[in-house]
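Have a look at the structure below, then the notes.
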Amino acid sequence: MRTDVSAFLGAYPWRKVPGTSPAAVLAAMERTAIDAAWVSHLPSFYWRDPMEGNAWLYETADRSDRLAAVPAIHPGFPGWEQELDRAVQAGVPAVRADPTWYGIDARGAEMTRLAEACGSLGMPLMLAVRLEDGRQRHPNDRIEELPPWAVRSLIRSSPSLRLVVTHAERAFIEEVHFGSTPAETARIWWDITWVWGPPEDHFATLLDTIGAGRFVFGTGQPLRLPENPVAKLDLLDLPPDQRAAIESGNAERLRRPPRR
């Protein structure tokens, strides 16, 4: 079983990206033996109200038993509480809020309220550090990357919040992990989209120092090649239990309501 927690559907505003349709993403999943994908609506990252993309996302995900919607929640807009309740009722694996795209303070009152609400509902909250390498970005794409202190601030804002952070590199992960308490780090999961694998030792080092239990499989497709994270795991020759945990086990545990 292999579950991709960070896949996207829909057009990218800054350049032509192939493979953005649901059919194309499903074909890429078939090609790379990915059984299931948690999907976000890519265009709405750049909309004033990203929640307007949720209806299409739900409808699209409902057409395939291999896709699970990760709806966007903007805590600065009216109705976000109802949108969060809808996500809970729909049984989604996570919701997402990306403050740097939304133009809100990553550790402000709005994100804190959302963190508290997600924590109380047992709903994992996903956010991305970046989507593209800065060298590939359009000159007018000036959205700042999520800073490590924002993740530390969020995880401390609610004792029951669970975070899924995508597109973070080794230095970012280490800064957050070693700057947080053990209780806090136990509630943060990292996807492997942006972590360098062999011949670099970044991923191997993180597995040795932080542990396989904190990582989930993610591709970032279609902005990134889905073959990349598969190759990282193949080249590391991990013990079967560690590989299974990263590829699907940790994501499945995330989907279960936390024990009270």
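Okay, here's what the table says:
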{"quantity": "Members of the range 104-133 found to be in contact (Cβ under 8 Å) with a residue 12 or more places away in the chain, closer than 28 Å to A11 by Cβ and part of a loop (DSSP other than H, G, I, E, B), listed by number", "calculated": "I104, A106, M123, P124, V129, R130, L131, E132"}
{"quantity": "Selection within the range 205-230 - farther than 22 Å from L127 by Cβ and either assigned to a loop (DSSP other than H, G, I, E, B) or modelled with pLDDT under 95 (or both)", "calculated": "L225"}
{"quantity": "Residue ID - farthest from I104 (Cα to Cα), chosen from residues in the range 67-85 that are assigned to a loop (DSSP other than H, G, I, E, B) and more than 17 Å from the chain's Cα centre (by Cα)", "calculated": "G79"}
{"quantity": "When residues of the range 157-166 are limited to those that are buried (at least 18 other Cβ atoms within 10 Å of the Cβ) and assigned to a loop (DSSP other than H, G, I, E, B), the one modelled with the lowest pLDDT", "calculated": "S158"}
{"quantity": "Residue count for the range 134-156, restricted to those that are assigned to a helix (DSSP H, G or I) and modelled with pLDDT of 95 or more", "calculated": "9"}
{"quantity": "Among residues of the range 181-232, those that are among the basic types (K, R) and within 14 Å of V164 (Cα to Cα), counted", "calculated": "2"}
{"quantity": "Filter pass, E30 being outside any loop (DSSP other than H, G, I, E, B), surrounded by fewer than 16 Cβ atoms within 10 Å (Cβ to Cβ), touching a Ser or Thr at 6+ places or on another chain (Cβ under 7 Å) and free of Cβ contacts under 8 Å to residues at least 60 places away in the same chain", "calculated": "no"}
{"quantity": "Residue tally, condition among the hydroxyl-bearing types (S, T, Y) and in contact with a His (Cβ under 8 Å, 6 or more places away or on another chain), over the range 1-32", "calculated": "1"}
{"quantity": "Matching residues, the range 231-260, being modelled with pLDDT under 90 and either crowded, with 17+ Cβ neighbours inside 10 Å or part of a helix (DSSP H, G or I) (or both)", "calculated": "R255"}
{"quantity": "Count - residues of the range 87-99 that are in contact (Cβ under 8 Å) with a residue 40 or more places away in the chain and surrounded by fewer than 19 Cβ atoms within 10 Å (Cβ to Cβ)", "calculated": "0"}
{"quantity": "Residue match in the range 188-197 (condition: aromatic (F, W, Y), more than 25 Å from R31 (Cα to Cα) and touching a helix residue (DSSP H, G or I) at 6+ places or on another chain (Cβ under 7 Å))", "calculated": "yes"}
{"quantity": "Residue match in the range 42-50 (condition: on the phi > 0 side of the Ramachandran plot, surrounded by fewer than 22 Cβ atoms within 10 Å (Cβ to Cβ) and in a loop (DSSP other than H, G, I, E, B))", "calculated": "no"}
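Table: residues versus (1) more than 18 Å from L254 (Cα to Cα); (2) touching a Gly at 6+ places or on another chain (Cβ under 7 Å); (3) touching a residue at least 60 places away in the same chain (Cβ under 8 Å); (4) not in a loop (DSSP other than H, G, I, E, B).
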{"position": "A168", "(1), (2), (3), (4)": "yes, no, no, no"}
{"position": "E174", "(1), (2), (3), (4)": "yes, no, no, yes"}
{"position": "H177", "(1), (2), (3), (4)": "yes, no, no, yes"}
{"position": "S180", "(1), (2), (3), (4)": "yes, no, no, no"}
{"position": "W190", "(1), (2), (3), (4)": "no, no, no, yes"}
{"position": "E200", "(1), (2), (3), (4)": "yes, no, no, no"}
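The values are calculated or read from the model by the stated rules, or taken from the named source; none is laboratory data. The structure presented is a predicted model; accordingly, all values stated were derived computationally and were not measured. All Cβ positions, glycine included, derive from the backbone under ideal geometry; neighbour counts span all protein chains shown.
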